[in-house]
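Throughout, read-outs are computed from the coordinates displayed, never taken from laboratory work. Note that the structure is a prediction, hence the values are computed from the model and not measured. Note: ideal-geometry Cβ built from the backbone for every residue, glycine included; neighbour counts use all protein chains shown.
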Amino acid sequence: MQAGGALRRGDGEPRRAAWVFSLQSHNLGLKYAISSGSRPSIHSRYLGYSMYRLVLFGYLLLMWLLLSGIYDAFHITLGVISAAVVTAVSGSFARGGSVSQFSPNFAKFPAFCGFVVWLLKEIVKANFHVFKLAMRGGNDAVDPRIVTFKTRLKSDFAKFVLGNAITLTPGTVTLKIEGDVFTVHAVDEASAAGLPGEMERRVAQVYDV
């Protein structure tokens, strides 16, 4: 949300303020503008909250469908209810600043979808790699190690997403995050070689704002 104010003082006239509230969706090419007098209307105040909750609900439901892998009526309904409850509970976060950043975050929705698809592909590839290690057997099959690296991510939430993405990928587990330094356990050299690499770059594209 962007708010712009223009103040004018006439001869003997009280100061008047004109506010313009706009919500822009860059990737859809849409723009909503609401003008009011000295104070924003109820519609202008809650338009951003409603859009924020709608996108959050879509994020949550999409993740439920992708990660559950079960698409019968019961589980889809359960996913809708769960996403709705979490959206309702976390909707108050919008008042803490999320709405002011809604436009650029919404514009990154395609990057978010690309990150999810890429992560799922990496999870499948890592599953096959760990399976081959297990089938090979013996002490030479695995070469466990502790890896530390310094991330270029700035926001705490981006670091949180990266840490969980590493743990979701078979063969690696995030043990600790201290400041910009990650400590990760890897099952072998091949699993450790890609850290942080492409995963960090994709997380930065979506979350490091």
If each residue's Cβ is checked for other Cβ atoms within 10 Å, how do Leu54, Leu162, Leu168 rank with the fewest at the top? Leu54, Leu168, Leu162
Fewest first, what order do Glu122, Glu178, Glu189, Glu200 take by the number of other Cβ atoms within 10 Å? Glu178, Glu189, Glu122, Glu200
Please list, in order along the stretch 130-135, the HN-Hα scalar couplings obtained from phi with the Karplus expression 6.51 cos²θ - 1.76 cosθ + 1.60 (θ = phi - 60°), rounded to whole Hz, x for Gly and Pro. 5, 4, 5, 4, 5, 6
If the cut-off is a Cα-Cα distance under 28 Å, which lysines reach Lys132, setting aside same-chain residues fewer than 8 apart in sequence? Lys121, Lys176
Is the stretch 111-207 best put as rounded, prolate or oblate by its Cα gyration tensor, with a ≥ b ≥ c the root eigenvalues, rounded for a/c under 1.5, and otherwise prolate when a/b is larger than b/c, oblate when not? oblate
